[in-house]
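> Sending over a structure as structure tokens; questions will come in a sec.
The values are calculated or read from the model by the stated rules, or taken from the named source; none is laboratory data. Keep in mind that this is a model prediction, so the values were computed, not measured. In this analysis, Cβ positions are derived from the backbone assuming ideal geometry, glycine residues included, and neighbour counts consider all displayed protein chains.
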Amino acid sequence: MIHIKEVTKIYPSQKKQQEVAALNGVSLEIEQGDIFGIVGHSGAGKSTLLRLLNGLETPSAGSVMVDGKEISRLKNKELRQARQKIGMIFQHFHLLWSRTVRENIAFPLEVAGKPKREREEKVDQLLERVGLTERGDAYPSQLSGGQKQRVGIARALANDPAVLLCDEATSALDPETTASILRLLKEIHRETGITLVLITHEMSVVRAICNKMAVMESGKVVETGDVNMIFRHP
Ligand code: ADP
Ligand code: ADP
């Protein structure tokens, strides 16, 4: 599903500082249906990797294939179409604050040009799926953190993506809310077979939900494999 091959990402130097190699020869294979955790300290290169996966950045070297397409080579319409099949959720949710929950979830469907009736049906389904049927007309500022992330998840799933990228999706939430969001992601995974990629600085999140993982340090993958193998004590 995702093939990352020998990827290097160098950000141009700012002022007189040295260039930063945010990623340095990273290779990773993520299979369809994996729940793949990428852990590492701040600055390890996790966000950069995620931005490469959804085409927000292009690699300085190497290739990034997602769902059979080399994402870094796509342009305009092709890139937009590919990105509709890659959902993303964020630590701070990135909701549209002046729009209701329904409007937030409908937004990617509008961008995709779906007719009104189809949008409304889909939004109803998604609201039910994330347990927010009663909150469709609320504004994000009226919701708890967990509810906001549920809206984020519903919006990310609107165009039935093959992959859901989760960028520190539970890091702003308390432990109980984190557990409920992880439960929801697991259920969605079971029902749809979606590939989940989670970046997190919390090992506990990986242990709770992932089957495979990679550990990143200073722009490199230093360990990768089955979560059970990596956490098994000798
Ligand atoms: P993580 O998500 O693991 O915290 P990042 O991918 O955000 O790591 O950052 C990896 C490295 O790249 C860090 O040294 C960071 O300062 C640098 N970096 C990230 N984004 C940019 C950018 N847009 N411009 C310059 N340097 C960046
Ligand atoms: P965090 O998760 O770090 O607390 P959030 O993005 O969730 O950050 O925002 C914190 C609070 O501020 C939330 O209650 C949210 O409703 C409100 N808020 C954030 N951005 C805006 C905005 N652009 N307009 C109105 N309210 C906002």
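> Please work out which one of (1) of a type outside the set (S, T, N, Q); (2) in contact with a strand residue (DSSP E or B) (Cβ under 6 Å, 6 or more places away or on another chain); (3) modelled with pLDDT under 90 is the condition K16 fails and give its number.
Result: K16 fails condition (2) only.
> Look at I4 and say whether it is closer than 26 Å to P108 by Cα, away from ligand 1 (no atom under 11 Å from the Cβ), of a type in the set (V, I, T) and surrounded by 22 or more Cβ atoms within 10 Å (Cβ to Cβ). Write out each step before concluding.
Working: closer than 26 Å to P108 by Cα: no; away from ligand 1 (no atom under 11 Å from the Cβ): yes; of a type in the set (V, I, T): yes; surrounded by 22 or more Cβ atoms within 10 Å (Cβ to Cβ): yes.
Answer is no for this residue.
> When you look at K46, is it surrounded by 13 or more Cβ atoms within 10 Å (Cβ to Cβ) and closer than 15 Å to R155 by Cα, yes or no?
no
> Looking at segment 83-100, is at least one residue among the hydroxyl-bearing types (S, T, Y) and either within 16 Å of ligand 2 (Cβ to nearest atom) or at pLDDT 95 or above (or both)?
yes
> Name every residue in segment 73-111 that is within 16 Å of ligand 1 (Cβ to nearest atom) and in contact with a strand residue (DSSP E or B) (Cβ under 8 Å, 6 or more places away or on another chain), in order of residue number.
Once the filter is applied, which keeps residues that are within 16 Å of ligand 1 (Cβ to nearest atom) and in contact with a strand residue (DSSP E or B) (Cβ under 8 Å, 6 or more places away or on another chain), segment 73-111 yields M88, I89, F90, Q91.
> Hey, another quick one. Restricting to segment 89-123, count the residues that are buried (at least 20 other Cβ atoms within 10 Å of the Cβ), assigned to a helix (DSSP H, G or I) and among the β-branched types (V, I, T).
Number satisfying all stated conditions: 3.
> Mind checking which residues of segment 124-133 are in contact (Cβ under 8 Å) with a residue 24 or more places away in the chain and part of a helix (DSSP H, G or I)?
L126, L127, R129
> Let me ask something else about it. Output the qualifying pairs, or none if there are none: Cβ atoms under 6 angstrom, residues six or more apart or on different chains, first residue in segment 190-213 and under 18 Å from V66 (Cα atoms), second residue charged (D, E, K, R) and outside any strand (DSSP E or B).
Hits for this filter: T195/D34; I199/K46; K212/D34.
> Within segment 116-126, does at least one residue satisfy the condition of being within 27 Å of E202 (Cβ to Cβ) and modelled with pLDDT of 95 or more? It would help to see each step written out before you state the result.
Residues of segment 116-126 that are within 27 Å of E202 (Cβ to Cβ), as a first pass: 126.
This time we only want the ones that are modelled with pLDDT of 95 or more, so: 126.
Yes, there is a match, as at least one residue in segment 116-126 is within 27 Å of E202 (Cβ to Cβ) and modelled with pLDDT of 95 or more.
> Give all pairs with beta carbons closer than 7 Å in which a residue from segment 47-66 that is on the phi > 0 side of the Ramachandran plot meets a residue that is surrounded by fewer than 21 Cβ atoms within 10 Å (Cβ to Cβ) and at pLDDT 95 or above; count only pairs at least 6 apart in sequence or on separate chains.
Pairs found: G62/K5; G62/E6; G62/T8.
> Now, a different point. Pairs under 9 Å by beta carbon, first residue farther than 14 Å from V151 by Cβ and without any contact (Cβ under 8 Å) to a residue 40 or more places away in the chain in segment 81-102, partner more than 16 Å from ligand 2 (Cβ to nearest atom) and outside any loop (DSSP other than H, G, I, E, B), six or more apart or different chains?
Matching pairs, first to second residue: A82/V66; A82/K69; A82/I71; R83/I71.
> Among the numbered criteria (1) within 29 Å of S27 (Cβ to Cβ); (2) crowded, with 20+ Cβ neighbours inside 10 Å, which single criterion is violated by S204?
(2)
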